[in-house]
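Each remark here refers to the structure printed beneath this line.
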Amino acid sequence: MSDRHAPSQQPYGTAYEQMLEKVRYEGAYPTRERADEAVRLVLAGLGRQLTGDERVDLASCLPLEAARVLTAQIPDPHPLTGWSFVKDLAARTGASLATTRWDTGSVFSAVVAYAGPDLITRILHQLPTGYALLFGRAELAQAA
């Protein structure tokens, strides 16, 4: 049985489209395609940094397309600091550090909205220093 009146298939699910709109708004990107590029770049980079329960829990919070980008990456055995993360992404794309930092903050802003504060805190505890600012939080020094 075929339904000729079924809506046409969208390239992305509604949840991912909403994520792209949030990133587009936060990053002031001119097009959804530019927001999609930023999401894919940053989530692939984050997927190379996260391991364990935090990786699984974050993937379960994100829209399916975003979760696939995150989990398609093999985690690096030596995670990068926040600044090294930005430099690595810039080197992979040839973009400036300022543009890459902007992309990272725009995407992480959307990630925070999906993940919630508790999971972001767990993620920040797993990652090396320098990520808190990228996620829009103050970087707190650890007590000696």
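In terms of the Cα gyration tensor, with a ≥ b ≥ c the square roots of its eigenvalues, is segment 80-127 rounded because a/c is under 1.5, prolate because a/b exceeds b/c, or oblate? Provide the component values of the computation, followed by the final result.
Details: a/c = 3.56, a/b = 1.74, b/c = 2.05.
Oblate shape, in that a/c is at least 1.5 and b/c is the bigger or equal ratio.
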*Using Cα extents along the principal axes in Å as the read-out, say which of (1) 67, 32, 25; (2) 63, 32, 27; (3) 47, 42, 19 was calculated from these coordinates.*
(1)
*Measure nothing fancy, just the Cα-based angle from helix 14-27's long axis to the longest principal axis of the chain, in degrees from 0 to 90, nearest 10.*
50
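Where a number appears in this text, it was derived from the coordinates with a stated rule and is not lab data. Keep in mind that this is a model prediction, so the values were computed, not measured.
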